[in-house]
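Asker: Just dropping this structure here.
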Amino acid sequence: MENTEVIAILEEIAGLLETGHAESFALLVRNALSGSAQTLEEFLRSNELWGGAGSIADQPFAGRSTQRKELEKLLIQLGRLQLRDGNANVRTRTWVEAFEKWRQLSM
């Protein structure tokens, strides 16, 4: 996986979460970024990132807020890279497809 692109997207996600006062989620991302390569790879496949209720894909920011839409845009980019490289959670594709559909509906 091309880590520089993934890391740049994760940095943006962490910054967005911090700006939006979702510190507990930002901390998960920052910990993955500051850990080993293995820690980062595990986080990219984790339920903390791509799981159901309470995950970063599901939880931060209300409804269709600007911050939520920006988070979804970044998760689409990240998820597409992960799917391309074969390093994805079982839910990654479902989330990415849902986010893309929602973006189309809101245009």
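Asker: Please indicate, with yes or no, whether at least one residue in the stretch 45-53 is loosely packed, with under 13 Cβ neighbours inside 10 Å and not aliphatic (A, V, I, L, M).
Answerer: yes
Asker: May I ask you to list the residues in the stretch 66-87 that are free of Cβ contacts under 8 Å to residues at least 24 places away in the same chain and among the small types (Gly, Ala, Ser)?
Answerer: GLY86
Asker: Can you tell me how many residues in the stretch 75-102 are in contact with a helix residue (DSSP H, G or I) (Cβ under 7 Å, 6 or more places away or on another chain) and not aromatic (Phe, Trp, Tyr)?
Answerer: Adding up the residues that qualify gives 17.
Asker: Regarding the stretch 82-104, can at least one residue be identified that is touching a Phe, Trp or Tyr at 6+ places or on another chain (Cβ under 7 Å), closer than 18 Å to ASN3 by Cα and buried (at least 19 other Cβ atoms within 10 Å of the Cβ)?
Answerer: Within the stretch 82-104 (the criterion being touching a Phe, Trp or Tyr at 6+ places or on another chain (Cβ under 7 Å), closer than 18 Å to ASN3 by Cα and buried (at least 19 other Cβ atoms within 10 Å of the Cβ)), the answer is yes, since at least one residue qualifies.
Asker: Further, regarding this structure: Looking at the stretch 14-41, which of its residues are among the small types (Gly, Ala, Ser), more than 24 Å from LYS69 (Cα to Cα) and touching a residue at least 40 places away in the same chain (Cβ under 8 Å)? Don't jump to the end; show me each part of the working.
Answerer: Narrowing the stretch 14-41 to residues among the small types (Gly, Ala, Ser): 14-15, 20, 22, 24, 26, 32, 34-37.
Keeping just the survivors that are more than 24 Å from LYS69 (Cα to Cα) gives 34-37.
If the condition is that a residue be among the small types (Gly, Ala, Ser), more than 24 Å from LYS69 (Cα to Cα) and touching a residue at least 40 places away in the same chain (Cβ under 8 Å), then no residue fits.
Asker: Now a separate question. Looking at the stretch 1-19 only, could you name the residues that are modelled with pLDDT of 95 or more and of a type in the set (Ser, Thr, Tyr)?
Answerer: Within the stretch 1-19, THR19 is the sole residue that qualifies.
Asker: Go through the stretch 40-84 and report how many residues are among the hydroxyl-bearing types (Ser, Thr, Tyr), assigned to a helix (DSSP H, G or I) and modelled with pLDDT of 95 or more.
Answerer: Step one: of the stretch 40-84, the residues among the hydroxyl-bearing types (Ser, Thr, Tyr) are 46, 55, 65-66.
Next, from what is left, pick out any that are assigned to a helix (DSSP H, G or I): 66.
Filter once more, keeping what is modelled with pLDDT of 95 or more: none.
Summing the residues that are among the hydroxyl-bearing types (Ser, Thr, Tyr), assigned to a helix (DSSP H, G or I) and modelled with pLDDT of 95 or more in the stretch 40-84 gives 0.
Asker: On to the next question. What number of residues in the stretch 54-81 are surrounded by fewer than 16 Cβ atoms within 10 Å (Cβ to Cβ) and on the phi > 0 side of the Ramachandran plot?
Answerer: Residues flagged as surrounded by fewer than 16 Cβ atoms within 10 Å (Cβ to Cβ) and on the phi > 0 side of the Ramachandran plot within the stretch 54-81 amount to 2.
Asker: Kindly establish whether SER34 is touching a helix residue (DSSP H, G or I) at 6+ places or on another chain (Cβ under 8 Å), hydroxyl-bearing (Ser, Thr, Tyr) and surrounded by fewer than 14 Cβ atoms within 10 Å (Cβ to Cβ).
Answerer: Criteria not met by SER34.
Asker: Ok, one more. I'd like the full set of residues that are out of contact with any helix residue (DSSP H, G or I) (no Cβ under 7 Å at 6 or more places or on another chain), assigned to a helix (DSSP H, G or I) and more than 15 Å from ILE76 (Cα to Cα), limited to the stretch 4-31.
Answerer: Within the stretch 4-31, THR4, GLY15, THR19, GLU23, SER24, LEU27, ASN31 qualify.
The values are calculated or read from the model by the stated rules, or taken from the named source; none is laboratory data. Just so you know, these numbers come straight off a predicted model, no measurement behind them. All Cβ positions, glycine included, derive from the backbone under ideal geometry; neighbour counts span all protein chains shown.
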